[in-house]
Amino acid sequence: MGTQGYLEGVTETVFTYASPALKFGSGASAEIGHDLVGYGARRVLLVTDPGVAATGHPARIAEQVAAFDIAVTTFDGARVEPTDESLAAAIAFARDAGPFDAILAVGGGSAIDTAKAVNLLTTNPGELMDYINAPVGKAREPINPLLPLVAVPTTTGTGSESTTICVLDVLSLKVKTGISHAMLRPRLAVVDPSLTLTQPTMVTAASGMDILCHALESYTARWFGDFAAKRPEQRVPYCGANPIADMWSEKALSLLAGSFRTAVLDGVDTEAREQMAMAATFAGLGFGNAGVHIPHANAYPIAGRVRDFRPEGYPADEAIVPHGMAVSLTAPEAFRFTFDAAPERHLHAARLLEPDVVGDGADVLPGVLARLMRDIGIPNGLGEVGFGEGDVGGLVNGALQQQRLLATAPKTVTDDDLAVVFQASMEHW
């Protein structure tokens, strides 16, 4: 180990970058059968959820795939905001119905993340908790190759089609966590903006905030060269802000500036929908390598501890704070906290989103975010989704379990820091 980069006290000089193959554009989803043939697929599991299944997109795609002499089995029971129980059910279905030689996910991040878990647990031994990130799970690494996974997003937001992450709620612990490994990244992302025209207004708003926070968090993440040097076997997908991720994040912010409000207010504006789909893809290509930090860490306990909030456009039979909404609720205060670590980046990001914004202090980016959130109908802080001052301690404890994310923050984050962010996020305007 004589290389200088491995010496104690030496900082990193290497960053990594990876992405799936990408097919983008209206009509792209009609070509998936051809793509699967190229992977040698003859038996495919299609994973979707009931809401997306009702749009007819999965059935149409399955029929087009079957035209290539590929047998398609459909699992339409993916849960919006997956849990350990819902993933276990999907895995059991796939084990009983298989074997398969490719996986096809059609839906939002929930369906794609469900497909990732199915892919992992039908090709490798063990159960979910073996692979869930520490300290919640054992963070075991796959020992066998995974099947080709083709991800077809029908919402513009999560970026799951580009990433190595599967997010889930562990119900018994009331915590949102995930599985993270490079092998989870889809082989091919098929982004067809026409599929998002059926996306409800609040889903567009919440998932759009996820795009926005992906871009902002990766752009303001700790610089890759500020981490301690790693050995090759220590490298992880989230390596910190770097020049390539920056490029994708900046472009995503520029696209959002011109399309986000329009896509929410006029869901059939095809140009705005296409720009949002492209922004989601670009942000995914950025944060899927640089990483995210405080707003996403905070989102996990917010979603995991919801009591009775039921947003419009989501299943009415269960309480839920959608992931993108949960991420956004503490974002203004989180970026107020991180401002002094990289003032120029926070200000540049604010001006990409709102070119005429004035000022040069810590309030600029939070102000831009609060105005946007108000305009698109995001709840006015944690108080509006059912949390109060008495919940701060539990929320802090839940966020502290997300050390993989907090390590990417541009400055050290203590429990007291998180408490201030949560307390100040009870309302924004």
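The values are calculated or read from the model by the stated rules, or taken from the named source; none is laboratory data. Since this is a predicted model, take the numbers as computed values, not measurements. Every residue, glycine as well, gets a Cβ built from its backbone with ideal geometry; the counts of neighbours run over all protein chains shown.
Observations on the structure shown:
- Flag for A299 being in contact (Cβ under 8 Å) with a residue 24 or more places away in the chain and of a type outside the set (S, T, Y): yes
- The requirement of being in contact with an Asp or Glu (Cβ under 8 Å, 6 or more places away or on another chain) and either assigned by TED's automatic domain parsing to the domain that holds D49 or aliphatic (A, V, I, L, M) (or both) is not satisfied by A221.
- Residues of segment 320-336 satisfying the condition of being of a type in the set (A, V, I, L, M, F, W, C), surrounded by 24 or more Cβ atoms within 10 Å (Cβ to Cβ) and assigned to a loop (DSSP other than H, G, I, E, B): V321
- Any chance V52 is assigned by TED's automatic domain parsing to the domain that holds T73, at pLDDT below 95, buried (at least 18 other Cβ atoms within 10 Å of the Cβ) and aliphatic (A, V, I, L, M): yes
One line per residue, one yes/no per condition, for (1) basic (K, R); (2) touching a strand residue (DSSP E or B) at 6+ places or on another chain (Cβ under 7 Å):
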residue: V52; (1), (2): no, yes
residue: A67; (1), (2): no, no
residue: R79; (1), (2): yes, no
residue: T83; (1), (2): no, yes
residue: A105; (1), (2): no, yes
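- Test: V80 is hydrophobic (A, V, I, L, M, F, W, C), closer than 16 Å to L168 by Cα and either surrounded by fewer than 17 Cβ atoms within 10 Å (Cβ to Cβ) or not assigned by TED's automatic domain parsing to the domain that holds S207 (or both): yes
- Options R273, R187: the member that is under 18 Å from F24 (Cα atoms) and in the same structural domain as T156 (by TED's automatic domain parsing): R187
- Meets criteria (assigned to a loop (DSSP other than H, G, I, E, B) and either of a type in the set (D, E) or closer than 21 Å to Q402 by Cβ (or both)) for E81: yes
- Subset of segment 224-259 that is of a type in the set (F, W, Y) and touching an Asp or Glu at 6+ places or on another chain (Cβ under 7 Å) - its residue that is surrounded by the most Cβ atoms within 10 Å (Cβ to Cβ): F224
- Test: residue in segment 140-156 that is under 29 Å from G33 (Cβ atoms), part of a loop (DSSP other than H, G, I, E, B), among the basic types (K, R) and in contact with a Phe, Trp or Tyr (Cβ under 8 Å, 6 or more places away or on another chain): no
- Residue that is modelled with the highest pLDDT [pool: residues in segment 113-135 that are more than 15 Å from A90 (Cβ to Cβ) and in contact with a strand residue (DSSP E or B) (Cβ under 6 Å, 6 or more places away or on another chain)]: I132
- In segment 391-428, the qualifying residues are those that are under 17 Å from A362 (Cβ atoms) and part of a loop (DSSP other than H, G, I, E, B), and the one that is farthest from the chain's Cα centre (by Cα) is H428.
- Residue ID - modelled with the lowest pLDDT, chosen from residues in segment 136-165 that are buried (at least 20 other Cβ atoms within 10 Å of the Cβ) and polar (S, T, N, Q): T158
- Meets criteria (surrounded by fewer than 24 Cβ atoms within 10 Å (Cβ to Cβ) and either polar (S, T, N, Q) or free of Cβ contacts under 8 Å to residues at least 60 places away in the same chain (or both)) for T220: no
- The condition of being outside the structural domain of P82 (by TED's automatic domain parsing), within 13 Å of L216 (Cα to Cα) and among the hydrophobic types (A, V, I, L, M, F, W, C) holds for only one of F309, F335, that being F335.
- Residue in segment 19-35 that is hydroxyl-bearing (S, T, Y), in contact with a Pro (Cβ under 9 Å, 6 or more places away or on another chain) and either under 30 Å from V236 (Cα atoms) or in a strand (DSSP E or B) (or both) present: no
- Pairs, first free of Cβ contacts under 8 Å to residues at least 60 places away in the same chain and assigned by TED's automatic domain parsing to the domain that holds L120 in segment 36-49, second surrounded by fewer than 16 Cβ atoms within 10 Å (Cβ to Cβ) and of a type in the set (D, E), C-beta under 8 Å, six or more apart: R42/D69
- The residues in segment 206-255 that are part of a loop (DSSP other than H, G, I, E, B) and either touching a His at 6+ places or on another chain (Cβ under 6 Å) or of a type outside the set (S, T, N, Q) (or both) can be counted, and the count is 12.
- Pairs where the first residue, in segment 249-273, is without any contact (Cβ under 8 Å) to a residue 40 or more places away in the chain and the second is of a type in the set (S, T, Y), C-beta under 8 Å, 6+ apart: D269/T262; E271/S259; A272/S259; A272/T262
- Unique match (being buried (at least 24 other Cβ atoms within 10 Å of the Cβ) and not in a helix (DSSP H, G or I)) among V203, V190: V190
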